[in-house]
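Working notes, beginning with the structure itself.
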Amino acid sequence: MNRVGRNRWFAVVSLAAALLACYGTLMLIGLLSALGVSMAVNAAAWAGVIVVFAGLTAFGIALGIGRHRQPVPFVLALPGFALIAWAMLGRYDRTLEITGFAMLAAATAWDWRLRRRCSSNGRSPMAQPDCPLALTHGRNPR
C-alpha cells in the first residue's frame, strides 16, 4: 500500500479507535459488571485517550486537504473535535459528545470519499474529472 493509501485510512482508523475507546470501554465495563467483575477505570486517563484519538482523526482529515484541496471536511471536523474535547475534559454532556462524534464521523466519511475520488486507479488527480483538484486548475471536467 502506498503512502496515499495509508493516509486515506488514517482518519478512519483514528475515528474507530476513538469510538472504541469511548463506547467499547463502556460496554466492556458493563459486561464485566454483569458477570460480577468490578473494575476501576481512571476517568481522566480514559477521557484523555478519547480526546487524543479524536484529535488524531482531525489531524488525519487535515492531511487530506493536500490531496483533494477541499477544506470543508476539516472545517466540519474541528468543531466536532472541540465538542468531544469539551465533553470529555470540561463539563460532560452526552448530547455534545454524540454531536461531536457525529460531526467527526461525517467529516471522516467526506474526506475519505474525496480522497478516493482523487486517487482511484493510481492516476494523477489532475487527470480525473471527478476530483475537485482538477476543477481548481481551470480544467473543465465534462
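Just so it is clear, none of the values below were taken in a lab; they were calculated from the coordinates. Being a predicted model, the structure only gives us computed values, none of them experimental. Don't worry about glycine lacking a Cβ; one is built from the backbone with ideal geometry, like all the others, and counts go over all protein chains shown.
Packing, taken as the mean count of other beta carbons within 10 Å per residue, orders the peptides 89-97, 28-36, 67-75 from highest to lowest as 67-75, 89-97, 28-36.
Shown is the FRET efficiency for Ser33 and Ile98, computed with R0 = 25 Å from the Cβ-Cβ distance and rounded to the nearest 0.05: 0.65.
Placing R0 at 35 angstrom, the Cβ-Cβ distance between Arg116 and Ala82 gives a FRET efficiency of 0.85 after rounding to 0.05. Extension gain for Val52-Trp9 works out to 13.8 nm (0.36 nm per residue, less the C-alpha to C-alpha distance). With each label modelled as a point 7 angstrom along the Cα→C-beta vector, the Leu26-Val72 pair spans 3.0 nm.
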